[in-house]
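Shown next, in structure tokens, is the structure this report addresses.
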Amino acid sequence: MAEIMFDENTEEGLLQRLRFSSQRNAVYHAARRSFYDFQERLINFTVVVMGSAAFASFTDVISFASKYAAVFPAVTVAAGLYSLVFSLSQKAGTHAAFQKEYFMIVAEIAELDNTAENRKRIDARLHQLYAQEPPTFHALNCIAYNNVLMSMGGTPHEQYALNWFQRAFSNFFRFEAVLFPSVRDLEMQSQNRISAN
């Protein structure tokens, strides 16, 4: 993943790089947490609705439900097993903890004196967190990068270019073998093709 270029020859540029990395990771983990929280709520809703329908079908409260009496309990069990097996709430909690840690680092960066010793300490903390992280969903990481880039005054040309499939399924597939070009890279490739013709 190509990173936004900060002037590594200045103390402010080095600090900006740390701030950017911390914010990008916080935004990434917020998105992962929200994804798992939504799934957990959807599963809980499904279990309650289908469980109620299953109960109603067994008591003949709802006349049409008797036709589907076997479906309601099956969906209820499947939804409950999905939540149990994939530990959605645990995964949401993991990402919430990482989100909190990264935002705490962002807050610390805002308050610290910009010295080499402080930057080194923050960089070490970031690398300790990187070592503990679950596998990265790379398209989602690019989306987080783009969001933080724009919030810090970046330009659209510096953003990663993702297609609709990568955006839509950024929480479902890791996109490990994909190289995400920047918008600038795609524009240069397009210009090179035009000038070659």
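Every number here is computed from the coordinates shown, using simple stated rules; none is lab data. Worth saying up front: this structure is predicted, and the values here are computed from it rather than measured. Methodologically, a virtual Cβ is constructed for each residue, glycine included, from the backbone with ideal geometry; neighbour enumeration extends over all protein chains shown.
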Relative to the first principal axis of the alpha-carbon coordinates of the chain, what is the inclination of helix 71-86, with its axis defined by its Cα atoms, in degrees from 0 to 90 and to the nearest 10? 30 degrees
Of Tyr28, Tyr130, Tyr145, which is the most mobile in a GNM of the chain whose springs link Cα atoms less than 10 angstrom apart? Tyr130
Along the three principal axes, how long is the chain when you take its alpha carbons, biggest first, rounded to the nearest angstrom? 75, 53, 25
I want to verify a result. In a Gaussian network model of the chain, Cα cutoff 10 Å, which of these has the top mean-square fluctuation: Asp113, Asp123, Asp37? Asp113
Residue separation times 0.36 nm, minus the C-alpha to C-alpha distance between Gln191 and Leu84: what's the value? 33.4 nm
Dipole moment magnitude, nearest 20 debye, the chain about Cα centre, only Lys, Arg, Asp, Glu C-beta charged: 660 debye
Gyration tensor on Cα atoms of the stretch 122-184, a ≥ b ≥ c root eigenvalues, a/c under 1.5 rounded, else prolate if a/b beats b/c, else oblate, says oblate
